[in-house]
Amino acid sequence: MDEDVLTTLKILIIGESGVGKSSLLLRFTDDTFDPELAATIGVDFKVKTISVDGNKAKLAIWDTAGQERFRTLTPSYYRGAQGVILVYDVTRRDTFIKLDNWLNELETYCTRNDIVKMLVGNKIDKENREVDRNEGLKFARKHSMLFIEASAKTCDGVQCAFEELVEKIIQTPGLWEIESQNRGVMLSNHKEGYGGGACGGYCSML
Amino acid sequence: ALPESEVFEITDFTTASEWERFISKVEEVLNDWKLIGIASGKPLGKGVYTTDAWEEKSDEISFADFKFSVTHHYLVQESSDKDGKEELIEDALPVSMQDLLCMNNDFPPRAHCLVRWYGLREFVVIAPAANNDAVLSESKCNLLLSSISVALGNTVRTDFEMVHLRKVPNQYTHLSGLLDIFKSKTGCPLTPLPPVSISIRLTYVLQDWQQYFWPQQPPDIDALVGGEVGGVEFGKLPFGACEDPISELHLATTWPHLTEGIIVDNDVYSDLDPIQAPQWSVRVRKADNPQCLLGDFITEFFKLCRRKESTEEILGRSTFEDDGKEAADITHALSKLTEPAPVPIHKLSVTNMVHSAKKKIRKHRGVDESPLNNEVLNTILLYLFPDAADKSSDGSEARPGTSTGNNPPPENEDSNLYTQFKSAPSDSLSYKLALCLCMVNFYHGGVKGVAHLWQEFVLEMRYRWENNYLVPGLANGAPDLRCCLLHQKLQMLNCCIERKKARDEGKKSISSDRSPGDTGKAIGHSGGDSQNDTDKEKGEVGRSWESWSDSEEEFFECLSDTEELKGNGQESGKKSGSKETPNLKPEGRLHQHGNLTLLHPGEPLYVPVTQEPGPMTEDLLEEQSEVLAKLGTSAEGAHLRARMQSACLLSDMESFKAANPGCCLEDFVRWYSPRDYVEEEVVDEKGNVVLKGELSARMKIPSNMWVEAWETAKPIPARRQRRLFDDTREAEKVLHYLAVQKPADLARHLLPCVIHAAVLKVKEEETLEDIASVKKIIKQIIILSSKILRFPNPEDKKLEEIIAQIMSVEATIARARSLKAKFGIEKHDQEEERDDLERFVNCLLEQPEVSVVGAGRGPAGSIIHKLFMNAQRVATTTPLDEELKRSGSSDERRLNSGAVADFPPAAGREVILRTTVPRPASYSKPLPQRMYSVLTKEDFRLAGAFSSDTTFF
């Protein structure tokens, strides 16, 4: 199924509850929008193969529950991730303010410090916006992240967000490893590439 | 030595026709390299031959079937000399000729020998390509040695000549003889002869350091055996070289610019007293790979990684028989340990326990065969488990020591080193264990000692588990995934002990007013294990809410009242749903949740006491995510996945219900997922603005998992719920894991800790010496290590690289210490002078050659002088009185006064003679002439560069 897949990447989606993490993922993987998507329990998991610059990458995307109580459980899954999508809801300032907590969480539980981070401001289709685009941009710049605003409902920016993230990961030396004989087996044998550590120059993106 | 076939800067006119093809090839290459034509350049600055970079490029040329390599060596100059070519002054001499006279780069400390001999900044070497094809016969040499300088309109050329002798003709051992030969070679027709400028360097070698013997103390191994911890304590790493890492000191005394006649140096007398030389410079010869303690330590530990034997194979199969069986059969052990009978709390200390364990081992093994003797073992165990030392007579008391490591002291910039290296905090048990194993491996029986210590360690772990003693030196809480797996395993064990302890303590308080048998039946774990196993095989499919909790019918906390539970469960089971029986007694309240009140009864909303989800080590986590991922991405898969993870949610709901009788899902959501309770301001019929709240749309989806779980949840406080985390099983798994680790596995687990410790050690030692270059290398080591160690199964080659770098740093620091001792820096009381000396010593380590400020009269110079004098004194064993006399008036003495000289005979004499004279005729253009001579014990070389004007010849 993945004869020509260059690598398998582990991507995380985190953020406050109800900001639309699962919806973003569903839009990306199935290109659908379900307004009645149940609140995630623990972690969920989806797979999608995408092609970036002619390189096929298989994404194992872990969607997490945003509720405080689940936070004792979900950070265990941060381990070994190469990319993370940090989501907030542009119509709810509190979800934006809590971003700092999530970054802390990442720093504490992430096993690597060169993980590529993307900030996504979701629900831009809604009218009652509370967080300005510039604020998101500023936050992303401050924390060396990629930034995009998106709407899982209208499809805006979703595909682009994932592609950018993957492209950045591929460009970061040592962050990923070419799929060898372990192809097809995803999590049991995923080995983090040797020689990471370099920030890969993406720090000054914005 | 180089084969004598070098031809410099060739443009060939003199070769016979049979060589023409070869010649033209040479020309081709030189043309390619743009070396043909007039090259000019600025005079070179002082010392640039050492400070600037040299580069080279090569080509291969064959003469018939004989291959030559042509190599262009050149000093990389920053300025664009090539562009300056056009603005040449007509009369300018080629740079090569200018270089002959330039005195800025005489006696370079490190340079190609041709640079040393001729002072050139650029040259081409043509040599046989294969090393064994040296051009040996003189005729062949001559054919090749048709050399001239880079073309200067064909008007001048320089012949580079060389004399190389094993035996030195007497007349060449001194300046006057050399001057004679120089003058005869230049054959200057003028009278009086233009002055000859002279540069002389005499080099003296000091090998005998005398009382400045190497100060490294060998570690005192016996001290340990005596019960007292000596030179190298457990938990510390040794450091330093075992032999003097500085083997020789070379003192070069230089007269950079003398004119003929100023100085007398002939076969009977010499003015060249090294003390008087205007320039002194020193270089040190470092011992190659000196044996260093830290390096040996790590290397030996690393070698363990390649051992194949298991602990049992090393200690003898019988050793582990009792424990081995137990460890191998977890199920058996498990059922034995989960036996509900109250665990007897032994009044045993660690040491008691160790002794009893040892007795057991000794039954199988002769006493003498124990790789570690009792004292060493006890010292180590007390170091690892300091809580055992302050044992109270009552073993059940909480030990004060157990909290060590809970709050690791801040290590400033090193504090996060363990996360970079994936090792363990430097005050943790794992880290200490790594150091002990390292020490045991080195001093106490190698791999056998390691196996023995490990066996004892595992026994101690089991003892602590069985007797509810927390393992010291581990941070509280779930395993820290940033640490090495072994550390995580130990933390996991501690989590298990903690929970078991809490449970047992609860049990104890109840069993005091209850017969033990009663409690036993209540827990009943009939077939729990086998059931669990089969379920696992089914891939967890079809499991209900408890999937991730353990399936045993064991409860989070011990049962306080079986009857009550049953009654409660049935009752609430029937009535569960949207409505709860409000008259239930609230249970398991943690604290009030702000000012929130329940929606219906209006009572305060309480946050319940909840079960913490099970801690996980990274390997378990990997397993679990694999299971979750295997469920696939279908809707069913996702549903199942959510179900499997909802045990925690359900448990929380049950706790919540128990703490808040009469609550509804909305109440729960307001605590658990507040954003899913949407509040709106509405105006009621009276015209007042009131808040109206409802569940979010997604929570209202019919039969979504939250609703489903809520309906299933019974009001049961956490302490009576099923355990989400089976500490018994997890502890046994950890203990089994520990028991089957081979010494090699251990070494792999703990190598990051050892490297971490070694880096801290070199850092600590470096701060005492403050060596800039070492600081830089240490930084590089940290970067390299964090790249390599963070990933599973690093390659041996890369690990070796890290170790080699640590060793080189250790050697450098040892060299610095050796030099400091030799120069008596510690003894120096004048601070300013001491600082200067310190700088001087540091320079010696980093630069190939360091000039001595003030030459023989400066502070460093006088120390060097003394060093030589002492060595000479011993070498000649002069009577004491003479010695005293001499040391008092050393300055006044002449070198050749017959008494013992302060310095040994010069090991090397280098002389450069230079002049500018017209050759071959008096009307020819005056051109640079230069002759370099070097005389060592068994080698004499003259390198002449004599230029002549070819205009009329």
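The values are calculated or read from the model by the stated rules, or taken from the named source; none is laboratory data. Everything numeric here is computed off the predicted structure, so don't read it as measured data. Here Cβ is always computed from backbone atoms with ideal geometry, including for glycine, and neighbour counts include all displayed protein chains.
Things worth noting here:
- Filtered by the rule that a residue be in contact with a strand residue (DSSP E or B) (Cβ under 9 Å, 6 or more places away or on another chain) and outside any loop (DSSP other than H, G, I, E, B), region B:642-663 gives B:Ala642, B:Ala647, B:Ser651, B:Asp652, B:Glu654, B:Ser655, B:Phe656, B:Lys657, B:Ala658, B:Ala659.
- Filtered residue count, region B:767-791, keeping only those that are among the β-branched types (Val, Ile, Thr) and more than 14 Å from chain A (Cβ to nearest Cβ): 5
- When A:Gly80 is tested against (1) farther than 26 Å from B:Leu650 by Cα; (2) facing chain B (nearest Cβ under 9 Å); (3) in contact with a helix residue (DSSP H, G or I) (Cβ under 7 Å, 6 or more places away or on another chain); (4) assigned to a loop (DSSP other than H, G, I, E, B), just one condition goes unmet, and that condition is (3).
- Count of residues meeting criterion [closer than 24 Å to B:Phe868 by Cα and either of a type in the set (Lys, Arg) or surrounded by fewer than 16 Cβ atoms within 10 Å (Cβ to Cβ) (or both)] in region B:280-306: 4
- Within the option set B:Asp387, B:Asp427, being of a type in the set (Asp, Glu), crowded, with 22+ Cβ neighbours inside 10 Å and at pLDDT 80 or above holds for one residue only, B:Asp387.
- Some residue of region B:545-563 being in a helix (DSSP H, G or I) and modelled with pLDDT under 50: yes
- Checked against the criterion of being within 8 Å of chain A (Cβ to nearest Cβ) and surrounded by fewer than 24 Cβ atoms within 10 Å (Cβ to Cβ), the candidates B:Glu636, B:Glu618 yield just one match: B:Glu618.
- The one condition from (1) of a type in the set (Val, Ile, Thr); (2) assigned to a helix (DSSP H, G or I); (3) away from every other protein chain (no Cβ under 14 Å) that B:Val707 does not meet is (3).
- Every residue from region B:669-686 that is assigned to a loop (DSSP other than H, G, I, E, B) and within 11 Å of chain A (Cβ to nearest Cβ): B:Ser673
- Within region B:21-35, considering residues that are closer than 16 Å to B:Phe123 by Cβ and crowded, with 17+ Cβ neighbours inside 10 Å, the one modelled with the lowest pLDDT: B:Leu35
- Subset of region B:462-501 (residues that are free of Cβ contacts under 8 Å to residues at least 60 places away in the same chain, within 14 Å of chain A (Cβ to nearest Cβ) and more than 19 Å from A:Cys110 (Cα to Cα)): none
- B:Ser773 vs. criteria crowded, with 19+ Cβ neighbours inside 10 Å and in contact with a helix residue (DSSP H, G or I) (Cβ under 7 Å, 6 or more places away or on another chain): no
- B:Glu626 meets the conditions (1) facing another protein chain (nearest Cβ under 9 Å); (2) out of contact with any Ser or Thr (no Cβ under 7 Å at 6 or more places or on another chain) in every case but one. The failed one is (2).
- Of all residues making up region B:240-259, the number that are under 30 Å from B:Pro169 (Cβ atoms), buried (at least 17 other Cβ atoms within 10 Å of the Cβ) and not aliphatic (A, V, I, L, M): 5
- Tally of residues being more than 15 Å from the chain's Cα centre (by Cα) and either more than 24 Å from B:Ala478 (Cα to Cα) or free of Cβ contacts under 8 Å to residues at least 12 places away in the same chain (or both) across region A:108-138: 16
- Lone qualifier among A:Leu99, A:Leu26, A:Leu106, A:Leu6 - being more than 8 Å from every other protein chain (Cβ to nearest Cβ), among the aliphatic types (A, V, I, L, M), at negative phi and buried (at least 21 other Cβ atoms within 10 Å of the Cβ): A:Leu99
- For the residues A:Ala57, A:Ala38, A:Ala65, the requirement of being among the small types (Gly, Ala, Ser), away from every other protein chain (no Cβ under 12 Å) and touching a helix residue (DSSP H, G or I) at 6+ places or on another chain (Cβ under 8 Å) singles out A:Ala57.
- Test: B:Leu272 is farther than 30 Å from B:Val754 by Cβ and assigned to a loop (DSSP other than H, G, I, E, B): yes
- B:Pro794 meets each of the listed conditions (1) surrounded by fewer than 20 Cβ atoms within 10 Å (Cβ to Cβ); (2) more than 14 Å from chain A (Cβ to nearest Cβ); (3) in contact with a helix residue (DSSP H, G or I) (Cβ under 6 Å, 6 or more places away or on another chain) apart from (2).
- Criterion: among the charged types (D, E, K, R), crowded, with 23+ Cβ neighbours inside 10 Å and either in contact (Cβ under 8 Å) with a residue 40 or more places away in the chain or at the interface with chain B (Cβ under 9 Å from one of its Cβ atoms) (or both) - qualifying residue of A:Lys46, A:Lys21: A:Lys21
- Criterion (of a type outside the set (Val, Ile, Thr), within 14 Å of the chain's Cα centre (by Cα) and under 17 Å from A:Glu163 (Cα atoms)) met by exactly one of A:Gly20, A:Gly15, A:Gly54, A:Gly83: A:Gly83
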